[in-house]
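Please treat every number below as a calculation from the coordinates, not as lab data. Source: prediction; values computed, not measured. With ideal geometry, Cβ positions are generated from the backbone for all residues, glycine too; neighbour counts draw on all protein chains shown.
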Amino acid sequence: MRSQTAPPRVTVDGIVLVDGKVVGIRRRNEPFRGFPALPGGFVELGETTQAAVVREVEEETRLVTRVVRLVGVFSDPARDPRGHVISIVYELARVSGSTSAGSDAADVLLIDPRAVPRMAFDHEAILAVWARP
């Protein structure tokens, strides 16, 4: 008999531009500790994904944002070494605030979308989808 596995978990990631650059974080924790990543995290029980992405971006970067559009849903079971994690990715607009690292972020980065570094999870692929016309 096959063993039961946990159902997929749901996360959100946000793409915010500041001065033409993508706001990223340097991960404070494993997996991918020290790697650049998009700000984001797990959706809490009773929370919409739109509210979750605005909350997560503010917690990690101190930016207050609003959702502009859905970029996509990324569900490859191998995208996260912690298990099957589905990410819903939104583009956001900055409403207020200036960047500074918070919660799970060791640092806040501004990433040139034309020269994306190696990133945590599948965030390089996410940015490629976002950048397509």
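Under the rule a/c < 1.5 gives rounded, and otherwise a/b versus b/c splits prolate from oblate, where does the stretch 17-110 land using the Cα gyration tensor? Judged from the Cα gyration tensor, the stretch 17-110 comes out oblate (a/c at least 1.5, b/c at or above a/b). Across the stretch 52-58, rounded Karplus estimates of 3J(HN,Hα) from the backbone phi angles (6.51 cos²θ - 1.76 cosθ + 1.60, θ = phi - 60°) give 5, 5, 5, 5, 4, 4, 5 Hz, Gly and Pro being marked x.
Looking at the stretch 72-133, the pairs of alpha carbons with a distance over 17 Å make up 55% of the total.
Close amide H contacts of G24 (hydrogens built in the peptide plane, cut-off under 5 Å, sequence separation of 5 or more or a different chain): L109, L110, I111. Every helix of 4 or more DSSP H residues in the chain counts as -39500 (n - 2.57), and over all residues that averages to -5000 deg cm²/dmol at 222 nm. Charges were assigned to the Cβ only: +1 to each Lys and Arg, -1 to each Asp and Glu. The resulting dipole of the stretch 92-133 about its Cα centre is roughly 200 debye.
For the chain, a simple Cβ point-charge model (Lys and Arg +1, Asp and Glu -1, everything else neutral) yields a dipole of about 180 debye relative to the Cα centre.
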